[in-house]
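Novice: Dropping a structure here in structure tokens format, bear with me for questions.
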Amino acid sequence: MKESKFSIKTIVAIGIGAAVFMVLGRFASIPSGIPNTNIETAYAYLAFMSVIYGPVAGFLIGFIGHALKDLIFYGMPWFSWVIASGVVGLVIGFLSKKFKVMEGTLNKEKIIKFNISQIIANATAWFLVAPTLDILIYAEPANKVYLQGIIGGISNMITVGTIGTLILMAYSKSKVNDGSLKIDE
């Protein structure tokens, strides 16, 4: 029998992560003033989960969580933005793994690398992927969807940069560093 690449812990994290993303997206978002574009605290949580569980889990948490949120909030998923949410999780998970954000202590350099990761992820997803897919899938007007993407991307960068960084700092303080415990004789 072939072993799965996902541990049970990761599969559970994807399920719980998608549910938390959906709840935060539904109840902890602030209207931006631009139609169908909110300031979303869910992306800070997505960034945290992507750093901890990696790019595939990050993609699935963003994709499933956003699809469920849209289904409940709007009655149907808006797949261009659902895919973009998955891209955010994928890119943050991949780059954070490459930068080894959670190995050792979370110092200033790693916080900067995390924020570079999330800015690249949000810019890719919201300035490029979501608006382009809006045009290709839904034939939306370019000026409308690129404005929505810019507002959404910038607000997500700020949200992840503040709330996401604070969550990572709190989490890293709760972890015991390798080699820091010694056996008393």
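Throughout, read-outs are computed from the coordinates displayed, never taken from laboratory work. All figures in this text were calculated on a predicted structure; none of them were measured in a lab. Cβ coordinates were reconstructed from backbone atoms using ideal geometry, including for glycine residues, and neighbour counts include every protein chain displayed.
Novice: Once the piece of chain linking ALA139 and ALA19 is laid out straight, how much longer is it, given 0.36 nm per residue of separation minus the C-alpha distance between them?
Specialist: Extending this stretch completely gives an extra 40.2 nm.
Novice: Sticking with this structure for a sec: Which residues make up the longest stretch of the chain clear of trypsin sites (Lys or Arg not before Pro) that lie in a DSSP loop with no more than 15 other Cβ atoms within 10 Å, not counting the sites?
Specialist: Free of exposed loop sites, the longest segment is 6-99.
Novice: Would you compute the Debye intensity of the stretch 8-174 from its alpha-carbon atoms alone, equal scatterers and no solvent, and pass along log10 I(q)/I(0) at q = 0.08, 0.10 Å⁻¹ to two decimals?
Specialist: -0.21, -0.32
Novice: Per-residue counts of other Cβ atoms within 10 Å, averaged by peptide: what ranking do you get for 152-159, 163-170, 45-52, 56-63, highest first? Please report the intermediate quantities before stating the final value.
Specialist: Working: 152-159: 22.0, 163-170: 17.2, 45-52: 27.4, 56-63: 25.9.
The densest-packed peptide leads the list: 45-52, 56-63, 152-159, 163-170.
Novice: Under 10 Å, Cα contacts only: if you run a Gaussian network model on the chain, which one of MET76, MET102, MET22 comes out with the highest mean-square fluctuation?
Specialist: Of MET76, MET102, MET22, the most mobile in the Gaussian network model is MET76.
Novice: Angle check, please: helix 108-122 long axis (alpha carbons) against the longest principal axis of the chain (alpha carbons), in degrees 0 to 90, nearest 10.
Specialist: Tilt relative to the chain: about 30 degrees.
Novice: Select from the stretch 1-104 those GluC sites (Glu not before Pro) which occupy a DSSP coil region and have at most 16 other Cβ atoms within 10 Å, ordered by residue number.
Specialist: Within the stretch 1-104, the qualifying GluC sites (Glu not before Pro) (loop, at most 16 other Cβ atoms within 10 Å) are GLU3, GLU103.
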